[in-house]
Structure formats: structure tokens, C-alpha cells
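A.B. asks: One structure coming up, written as C-alpha cells, with questions to follow.
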Amino acid sequence: MNIRSILLAFLAQAVLSLPLFAADPILLNCIETPGVYDLDARPKIFNSSNNLRRKPGSLSSATGELINIVGRITDVNCLPIQNAVVSIWHANSCGVNHYDENMEGNQLDPNFAGSGRFIVNNLGYYNFITVAPGKIGDRAPHINFLVQHPDFPEFATQMFFADHNCDNCADSVLESFIDSGLASLLIAPFGYNNRAIKTYTFNITLSGYNKFSGKK
């Protein structure tokens, strides 16, 4: 079986799991999420809002498809890691990273915030409002994640989209996780919320234990 066939099998598994996510939004696999550390150029300062679709104080929205990203941050026992800080950044809908110093001003979306931040609640939930990113070069559309909490090492990874399976098959990051069987953990399934907005679910499981678990 070639690489493309294997990755397509992972994608099919993610799509088939959609009814489970819809029926039980706290369903978790509690398998440690793979880390990705060769990330896109990141902002020096993250925007404090969880709405990347528009800049703070602006009424104008960025170009592109409106999407939500939701999920939980937990330890390997599925215990929520409350007050974890989740930061994201990604390319705009044209595939331009606003933090790439080589980008020219006319390639940027003036209404796109570029990054956002969210402090999870006591159940570990986070959510973001943004626009679907475009491809950056040969990379599949993806979102960079950074999770920070004083009781855990800083964690970075990337989220991919289940409805971009053709692009995912050729992505160098996902390809590196195929042999270990972990590629599907980076691919977010989607459904639609009560406002008919496409919503991706991306749960993140950190290595280690919540201090309230009694384990070290």
C-alpha cells in the first residue's frame, strides 16, 4: 500500500467518526497528540482575541470562508488542563503567512488578525473564530497551535482539515507521521453548528498528568 492510500485510510477513519463527535463533543482518544516543531514563522506578540476573522475594534471581516475551531486540552488521563493558554496562527485565505518577513504588503489581507489566543475553561475547552487558510506553497492548509501551562512543557503542533484529503496526502509533515500511525490525530473532522457554520474539532492531549490526578 502506497503513502497516498495509507493516508486516505486515515482520512476515511476521521470522517466516519464525525457522528461520534456530533453526539458527544467531549469524546477524546487521550492518545498523546504528536508535536510539530518546524512551524511557520510565528508572531512575536499574539492577538488576545479568539476571533481572527477581524482585527480588534474593526467591523470589516477578512476574506475567506468563516469557520470555527473547537476542542479540549487534556492530559493522558483525559483530565482537563484548566487555564491552559492556546495560541494559534495561520495563513490567510490566499495562503499568505502575515508573519513571514518576505511577504509584501499587497499580499496581506488588511482585515485578517493573523493570530489569536484563548484561555481554556475549567473543562479544558477552547474555541476560535477564523477563516479557512489557503495552501502555503506545497503545504496542505493547516493551523499552527501553541499550548502553554506552567505545569506542562510548552507544546506546539499543527492541525489539518479532513475535507482537504488530496492536499493532506502530499503534505510533508503528515507524511512523517504515517509510519507511526499518528497522522490521523492531526486531522480535524468537521460538522456544522446551530448557525450552520463549519466547525472543526481538534482535541489536544499533552504528555504527563494534571497535578490533580495524583500521579507524577
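A.B. asks: Within the range 148-158, which residues are open to solvent by 30 Å² or more (accessible area, probe 1.4 Å) and assigned to a strand (DSSP E or B)?
C.D. replies: 148, 149, 153, 154
A.B. asks: Also, I was wondering about something else. Please determine, by comparing only the residues of the range 185-200 that are open to solvent by less than 30 Å² (accessible area, probe 1.4 Å) and hydroxyl-bearing (Ser, Thr, Tyr), which one is nearest to residue 80 (Cα to Cα).
C.D. replies: Only one residue fits best here, namely 200.
A.B. asks: What residue, among those in the range 99-117 that are assigned to a loop (DSSP other than H, G, I, E, B) and touching a strand residue (DSSP E or B) at 6+ places or on another chain (Cβ under 8 Å), is most open to solvent (accessible area, probe 1.4 Å)?
C.D. replies: Within the range 99-117, the match that is most open to solvent (accessible area, probe 1.4 Å) is 99.
A.B. asks: Moving on. Residues 140, 188: which one is within 17 Å of residue 72 (Cα to Cα) and small (Gly, Ala, Ser)? Before the answer, list the steps.
C.D. replies: Values: 140 fails: within 17 Å of residue 72 (Cα to Cα).
None of the others qualify; the one that does is 188.
A.B. asks: Right, here's the next one. Any idea which of (1) in contact (Cβ under 8 Å) with a residue 12 or more places away in the chain; (2) open to solvent by 50 Å² or more (accessible area, probe 1.4 Å); (3) out of contact with any Pro (no Cβ under 6 Å at 6 or more places or on another chain); (4) hydrophobic (A, V, I, L, M, F, W, C) is the one residue 123 doesn't satisfy?
C.D. replies: All conditions pass for residue 123, except number (3).
A.B. asks: Look through the range 168-177, keep the residues that are in contact with a helix residue (DSSP H, G or I) (Cβ under 9 Å, 6 or more places away or on another chain) and surrounded by fewer than 16 Cβ atoms within 10 Å (Cβ to Cβ), and return whichever of them is nearest to residue 74 (Cα to Cα).
C.D. replies: Once the filter is applied, the top-ranked residue is 176.
A.B. asks: Mind telling me which of the residues 140, 170 ends up being over 14 Å from the mean Cα position of the chain (by Cα) and among the hydrophobic types (A, V, I, L, M, F, W, C)?
C.D. replies: Unique residue meeting the criteria: 170.
A.B. asks: Quick check on this structure: which one of 93, 115 is hydroxyl-bearing (Ser, Thr, Tyr) and free of Cβ contacts under 8 Å to residues at least 60 places away in the same chain? Working first, answer last.
C.D. replies: Numbers: 115 fails: free of Cβ contacts under 8 Å to residues at least 60 places away in the same chain.
From the options 93, 115, the qualifying one is 93.
A.B. asks: Now for a separate question. Within the range 80-98, which residues are part of a loop (DSSP other than H, G, I, E, B), open to solvent by 20 Å² or more (accessible area, probe 1.4 Å) and under 20 Å from residue 39 (Cα atoms)?
C.D. replies: So the first thing to find is which residues in the range 80-98 are part of a loop (DSSP other than H, G, I, E, B), and the list is 81-84, 90-98.
With open to solvent by 20 Å² or more (accessible area, probe 1.4 Å) added as a condition, the list becomes 82-83, 93-94, 98.
93, 94, 98 - these are the residues of the range 80-98 that are part of a loop (DSSP other than H, G, I, E, B), open to solvent by 20 Å² or more (accessible area, probe 1.4 Å) and under 20 Å from residue 39 (Cα atoms).
A.B. asks: Could you tell me whether residue 152 is of a type in the set (Phe, Trp, Tyr), over 20 Å from residue 131 (Cβ atoms) and in contact with a Ser or Thr (Cβ under 9 Å, 6 or more places away or on another chain)?
C.D. replies: yes
A.B. asks: Which count do you get for residues in the range 55-78 that are at pLDDT 95 or above, outside any strand (DSSP E or B), surrounded by fewer than 20 Cβ atoms within 10 Å (Cβ to Cβ) and of a type outside the set (Ser, Thr, Tyr)?
C.D. replies: Here the count works out to 2.
A.B. asks: Let me ask something additional. Against the definition (within 28 Å of residue 131 (Cβ to Cβ), surrounded by 15 or more Cβ atoms within 10 Å (Cβ to Cβ), within 16 Å of the chain's Cα centre (by Cα) and at pLDDT below 95), how does residue 203 come out, yes or no?
C.D. replies: Here the answer is no, as residue 203 does not meet what is asked.
Residue-wise test of (1) assigned to a loop (DSSP other than H, G, I, E, B); (2) open to solvent by less than 50 Å² (accessible area, probe 1.4 Å); (3) closer than 19 Å to residue 99 by Cβ.
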{"position": "146", "(1), (2), (3)": "no, yes, yes"}
{"position": "160", "(1), (2), (3)": "no, yes, no"}
{"position": "166", "(1), (2), (3)": "no, no, no"}
{"position": "180", "(1), (2), (3)": "yes, no, no"}
{"position": "209", "(1), (2), (3)": "yes, no, no"}
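A.B. asks: Output the qualifying pairs, or none if there are none: Cβ atoms under 6 angstrom, residues six or more apart or on different chains, first residue in the range 195-206 and within 10 Å of residue 32 (Cα to Cα), second residue open to solvent by 10 Å² or more (accessible area, probe 1.4 Å) and of a type in the set (Phe, Trp, Tyr).
C.D. replies: That search, which allows pairs on different chains as well, returns 206/152; 206/155.
A.B. asks: Can you confirm whether residue 136 is of a type in the set (Val, Ile, Thr) and open to solvent by 10 Å² or more (accessible area, probe 1.4 Å)?
C.D. replies: Criteria met by residue 136.
The values are calculated or read from the model by the stated rules, or taken from the named source; none is laboratory data. In this text the structure is predicted, and so the values were computed from the model without any measurement. Don't worry about glycine lacking a Cβ; one is built from the backbone with ideal geometry, like all the others, and counts go over all protein chains shown. When the accessible area is computed, the model is the full protein with side chains, heavy atoms only, and any ligands, DNA or RNA have been set aside. Shrake-Rupley method; radii C 1.70, N 1.55, O 1.52, S 1.80 Å.
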